[in-house]
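Asker: Quick one: the structure is below, and I'll ask about it shortly.
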Amino acid sequence: MKSIIKLQDIHYQLPSEEGVIDILKGCNLTVQPQQTIAITGRSGSGKSTLLSLMAGLEKPTNGTIQLFDKNIEQLNEDQRANIRAQQVGFIFQNFQLMPSMTALENVLMPMELFQMENAKEKALEALEKVGLSHRSTHRPSELSGGEQQRVAIARAFVSKPKVLFADEPTGNLDENTAKQIQDLLFELNQTLHTTLILVTHDNKFASLCEKTYELKHGALLEKN
Amino acid sequence: MNSSTAHYWKKTKMTRTLFNEIFVASLWFLRSLKKGDWVWLMLAVIIASSTVTVVKQLGESVQQSMLRKASESLGADLVIQSTRPIDYQWSELAEDLGLQQNRTTSLVTMALTKDQAGESFFQLVNLNGVTDQKPLRGEWTTSNLLDYKPLDSNSAWIDPGLLSLLPLEKNSVITLGNKEFKLAGSIETSSLINPMTNIAPKMWIQLEQLESIGLIGPGSRVSYRLSVAGESEALDTFAKRVREHDNPAWQLTSAQAPSRDLGNSLDTAWLFLDLSALSAVLVAGMSILIASRFYLARWKQSIALMRAFGASNAKMNRLFAMQMTWIAAVSSLIGIALGYLLSLSLRPLLAEYFQPLIFAEPGPALFTGFFSGLLVLWTFAWQAFRSAVNTSPIHVLKTVPDQKQNLNWFISFLLLLGLISLMLNLNKLHWIIGGVIVASLILYIAAELLLKLLNMLQTNAKGWFKIALANITKEPNLAKIQLVSVGMVLFVLMLMTFVRQDLITNWQASLPDDTPNAFVMNIQTDQKQTVDQILNSVKQKTDAAMVRGRLVKINDKAIVSSEMTNPRAGRMLRREANIAVMSEIPEHNIVTQKMDSKLIQHPGVSVEQEIAELFGLKLGDLLDFSISGQEYRYQLTSLREVQWQSFQLNFFFIIEPLTDRNLPISYLSNFVLPELPVGTDQGNKDIAPEYTKQLAEETPGVLLFDVRKIMLQIQEIMDQASWAVSGLYGFTLLASIIVLFTATLASQQSRVQSWLLLRTIGAENKTIFKVGITEFLFLGGLAGLFSATLAQISGLLISQFILDTPPVLNINLWLFSIVIGSGIFLIIGLITQWSYLQKSAQQLKNFLAQN
């Protein structure tokens, strides 16, 4: 089967006052379609950086990243944006909802941005799937943390992405709510046949994925 | 698919995308509008565009009304006055341009009449031949002393003053030249053109009659006038053609500047009005600078998210540029509508001050108001806009520093120049560019210094005081903008307060209450005592001895009027000038240069500065004057500055009195007559006609010249200009209040975050209150320090380069500015923050979640 993402000898350096800091030191990873992958590691180990590289948000210092057969490091910002627009979805730890928009408007936003047809129907359907159709007119400040993350999940799945990147999606939630969100995430992933790349420091959550990697001292190590 | 089909589909897709983006941007704009986002930004644009609309609409109306007033005093919009007949091609040009016109020919002649007993009486009159029965602008007032009839070929009108000089009554016959005219009425006029030269009472007959009664011949001193009135564009074209013709015998007088001093005062008023509007717009711009940072910072995270979702940088630019344009366009439309409504509501008030009120066509004001709104938003929100739309998508996962782009500053600078050019005359652009560069440098340095000062203070502070300072310095760039914006606003207000006060004081001082309003001329030495007796009850009478003479040689070189390149110099030499004979220079003249008394070798003459420049005269030059056919030599010992509009006794030349020079001295006096009686107030009879009659009877040849009406007109124009200037000042104040409010809004979120933290860790209400108050006192105080520094620098520059006075450091200004800055900011802080200071930790948390 053809891989969706392929990382080869990825290095990432950051300049600082004390000199250059090596965040990633030769990471390798291959992700197959519909696979669920978890990346764990301590705070500051570079998990979010690795996620941003895989999603094409930035370029590595060295090494090659293939995302849908395209070498990301050879593409400019707009070309990478084009791939994201068509194939990629995101879920964040702090939900990243627009405070002045209602739940429905937040889900609508990416579809409005890319002129999708029947956007409103699709958005309402997505909200229904995450069990929030009755809260569609509420603003984020009127929703609980779990509800806000459900809206974010609805927004991520509504455009039917091939790969979903989730950065600590339950990091801001209590145990019960986190469990509900985890279930929802895997359920939707299976229904919509999406590839899931998950970054978390919660080993229990990570163990639900097919493969788990740990980022340690800049290197990616497979755990099971 | 061939290439043309591919091109067609590409084009169609692009058009579809563009329309879709317009739709999405409009949708987002409406959504935000509904939720009350952009309020302060829109309010600032509304203030800017409504201020510009009101200022331009009222300014144009006031300007046109004042011009009309000046035109009525002049009897026309533009007058060519010449010593030679004015060719009829100029009348044709005026007609082609659609201008109204009339002609007047004037000369001084003797009028003869007989009383009932048959005794003859003579009087020197200023006889005017007119083509029209009324002036082009305004009306002539008919005196009720005689019945009024229109002029025909056998009739004449007289100035009411002539009634006291000649035994005239209804249907009296006056001989002028070789023809007799029947008296048909008496009319009163007041002219702002050379009021002091029209010394003889006026008479009017038809122009054809004047040309046929044998008074005009070779050597006659005749003055020809062509007056025109009409649309300003046509007038400008006409005036341009006249100036290009450059006829040395011509003198062009425009209603825009009926006299030089009045013209200068009005020019200053217009400039102040334009600058006031610009100040209001710049002040509103400061508000936009702060508010745009606040709003667009809120959008940053969303933009990063959209870019992470795959929106290109260009798409973000387009979507947000469209939203900004929506904000600018909607706010500007509201602004111009409000501005125009406000102008309409002020119209009745204006009509009380300006009669007749010419309410200008609204088109230009609405156009300028709308585009000022668009430009002011883009100018001041550009930096925040660019910074927001360029947010990297990585922001969704981690914090990365923004990249600085110097090009953005350059674009802001260009936009600012565009905005200023829209509001001020383009010919001042080089000054504007210079000013903006200097101001930008000062602002940059000031912002850096102020922040350094704050950081220093914070390092050494402790407890709640340290927290308050930390709140200000938490976002250094925001703190810089707040300090500089508020400082600039305080500075603009201070500057406008001083300049407005200065302008009004100067205008009032130019015509104080005790300004002389009447002159008596041509008093011979043997008549002086009698004149003094007649005028013994008048106030503040001043006399000056004088002779009539002509400058004929400079340093032994004869000067001839026809050789003069400057037409004004030529005109000066053709006629005799009044030369004062005085031992001291009058106090109301300012001596600008004085010769060392040891070097003086001849009797001295003091020369008015501009005349000296006109003839290239310098101290020590030898000037020969021809007085009564004899030449007298004087040495130029001093130069003087003269305020001609002051109505004091002023002369181009003042010569030293010498006993050995038997000069034909006569006297000139000025004094203060009581104000003209208003309406039909019979109990307060005007005394001037009685004086005129007595002087004519007892001292023949002595003429009284009453300038009260002219002074009244000048005073009215000045009052109107003062009113307009004060009104505009009010608008700038209003805009400033908005800036001060937005300045607190910009840092509201981080301030509330800090208070929430303090509340959470158990800080008492009193402590949070102290932190809040200190923050505002410091922001205001530092802004005050900044504005005082700017004011001091401006003051020093003005002293050094404009007023030529020694520069003075004003410590009180600094103290005043700091106290006022702190005070204003404290009040604004209390008004805007009071409700937050009372909120519980949970309520503060809710506020942060919603914003």
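Asker: Here is a check on your reading of the model: is B:L422 touching a Phe, Trp or Tyr at 6+ places or on another chain (Cβ under 9 Å) and at pLDDT below 75?
Answerer: Values: touching a Phe, Trp or Tyr at 6+ places or on another chain (Cβ under 9 Å): yes; at pLDDT below 75: yes.
Taking the combined requirement at face value, the residue satisfies it.
Asker: Here is a follow-up. Would you please name the residue that is farthest from the chain's Cα centre (by Cα), looking only at residues in the range B:286-332 that are within 12 Å of chain A (Cβ to nearest Cβ), among the small types (G, A, S) and in a helix (DSSP H, G or I)?
Answerer: Among them, the one singled out is B:A308.
Asker: Checking the conditions here, which among B:V389, B:V376 is closer than 24 Å to B:G285 by Cα, under 35 Å from the mean Cα position of the chain (by Cα) and not small (G, A, S)?
Answerer: Exactly one residue qualifies, and that residue is B:V376.
Residues checked against (1) within 16 Å of B:L419 (Cβ to Cβ); (2) assigned to a helix (DSSP H, G or I); (3) within 14 Å of another protein chain (Cβ to nearest Cβ):
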residue	(1), (2), (3)
B:F359	no, no, no
B:P364	no, yes, no
B:W378	yes, yes, no
B:A381	yes, yes, no
B:I394	no, yes, yes
B:K398	no, no, yes
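Asker: Out of everything in the range B:610-625 that is part of a helix (DSSP H, G or I) and in contact (Cβ under 8 Å) with a residue 40 or more places away in the chain, what residue ends up being surrounded by the most Cβ atoms within 10 Å (Cβ to Cβ)?
Answerer: B:I611
Asker: Give me the residue from the range A:192-207 that is outside any loop (DSSP other than H, G, I, E, B) and out of contact with any strand residue (DSSP E or B) (no Cβ under 8 Å at 6 or more places or on another chain) and, out of that set, surrounded by the fewest Cβ atoms within 10 Å (Cβ to Cβ).
Answerer: Per the stated criteria, the residue is A:K204.
Asker: Could you tell me whether the range A:18-33 includes any residue that is modelled with pLDDT of 85 or more, in contact with a helix residue (DSSP H, G or I) (Cβ under 6 Å, 6 or more places away or on another chain) and more than 9 Å from chain B (Cβ to nearest Cβ)?
Answerer: So in the range A:18-33, the residues modelled with pLDDT of 85 or more come out as A:20-33.
From what's left, in contact with a helix residue (DSSP H, G or I) (Cβ under 6 Å, 6 or more places away or on another chain): A:23.
Pick out the ones that are also more than 9 Å from chain B (Cβ to nearest Cβ) and you get A:23.
Yes, some residue in the range A:18-33 is modelled with pLDDT of 85 or more, in contact with a helix residue (DSSP H, G or I) (Cβ under 6 Å, 6 or more places away or on another chain) and more than 9 Å from chain B (Cβ to nearest Cβ).
Asker: Follow-up question, since we're still on this one. Does the range B:3-21 include one or more residues that are in contact with a helix residue (DSSP H, G or I) (Cβ under 6 Å, 6 or more places away or on another chain) and within 14 Å of another protein chain (Cβ to nearest Cβ)?
Answerer: Restricting attention to the range B:3-21, the residues satisfying the condition of being in contact with a helix residue (DSSP H, G or I) (Cβ under 6 Å, 6 or more places away or on another chain) are B:21.
Retained after the next criterion (residues that are within 14 Å of another protein chain (Cβ to nearest Cβ)): B:21.
Taking every residue of the range B:3-21 in turn, at least one turns out to be in contact with a helix residue (DSSP H, G or I) (Cβ under 6 Å, 6 or more places away or on another chain) and within 14 Å of another protein chain (Cβ to nearest Cβ).
Asker: Of these, B:Q63, B:Q57, which one is under 30 Å from B:I336 (Cα atoms) and touching a Pro at 6+ places or on another chain (Cβ under 8 Å)?
Answerer: B:Q57
Asker: Looking at B:S50, B:S26, B:S61, which is the one that is part of a helix (DSSP H, G or I), modelled with pLDDT of 75 or more and under 30 Å from B:T141 (Cβ atoms)?
Answerer: Selected residue: B:S61, the only one of B:S50, B:S26, B:S61 that is part of a helix (DSSP H, G or I), modelled with pLDDT of 75 or more and under 30 Å from B:T141 (Cβ atoms).
Asker: Here's another thing I want to ask about it. For the range A:49-64: of the residues being out of contact with any Asp or Glu (no Cβ under 6 Å at 6 or more places or on another chain) and within 7 Å of another protein chain (Cβ to nearest Cβ), which is nearest to A:Q13 (Cα to Cα)?
Answerer: Restricting to residues being out of contact with any Asp or Glu (no Cβ under 6 Å at 6 or more places or on another chain) and within 7 Å of another protein chain (Cβ to nearest Cβ), the top hit is A:E58.
Asker: Still on this structure, please answer the following. Restricting to helices (runs of 4 or more DSSP H) lying wholly in the range A:65-150: which have 2 or more residues that are without any contact (Cβ under 8 Å) to a residue 40 or more places away in the chain and more than 9 Å from every other protein chain (Cβ to nearest Cβ)?
Answerer: Fully inside the range A:65-150 and qualifying: A:103-113, A:119-129.
Every residue, every condition in (1) out of contact with any Lys or Arg (no Cβ under 8 Å at 6 or more places or on another chain); (2) modelled with pLDDT of 80 or more; (3) not hydroxyl-bearing (S, T, Y), yes or no:
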site	(1), (2), (3)
B:P195	yes, no, yes
B:Q206	yes, yes, yes
B:E211	yes, yes, yes
B:S227	no, yes, no
B:S232	yes, yes, no
B:T237	yes, yes, no
B:D267	yes, no, yes
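Asker: Among the candidates B:R575, B:R633, B:R550, which residue alone is within 40 Å of the chain's Cα centre (by Cα) and surrounded by fewer than 16 Cβ atoms within 10 Å (Cβ to Cβ)?
Answerer: One residue alone meets the criteria, B:R575.
Asker: Does any residue in the range B:651-670 that is under 13 Å from B:H602 (Cα atoms) and part of a loop (DSSP other than H, G, I, E, B) come within less than 6 Å, Cβ to Cβ, of a residue that is small (G, A, S) and at pLDDT below 90 six or more places away or on a different chain, and which pairs are these?
Answerer: Filtered contacts from the range B:651-670: B:P657/B:S583.
Asker: Pick from the range A:164-191 the residues that are surrounded by fewer than 21 Cβ atoms within 10 Å (Cβ to Cβ) and within 22 Å of A:T30 (Cβ to Cβ): which of them is nearest to the other protein chains (Cβ to nearest Cβ)?
Answerer: That would be A:N189.
Asker: Would you confirm whether any residue within the range A:49-59 is at negative phi and in contact with a Cys (Cβ under 9 Å, 6 or more places away or on another chain)?
Answerer: yes
The values are calculated or read from the model by the stated rules, or taken from the named source; none is laboratory data. Because the structure is a prediction, the values reported are computed rather than measured. A quick note on method: Cβ atoms are made from the backbone with ideal geometry, for glycine too, and the neighbour counts reach across all protein chains shown.
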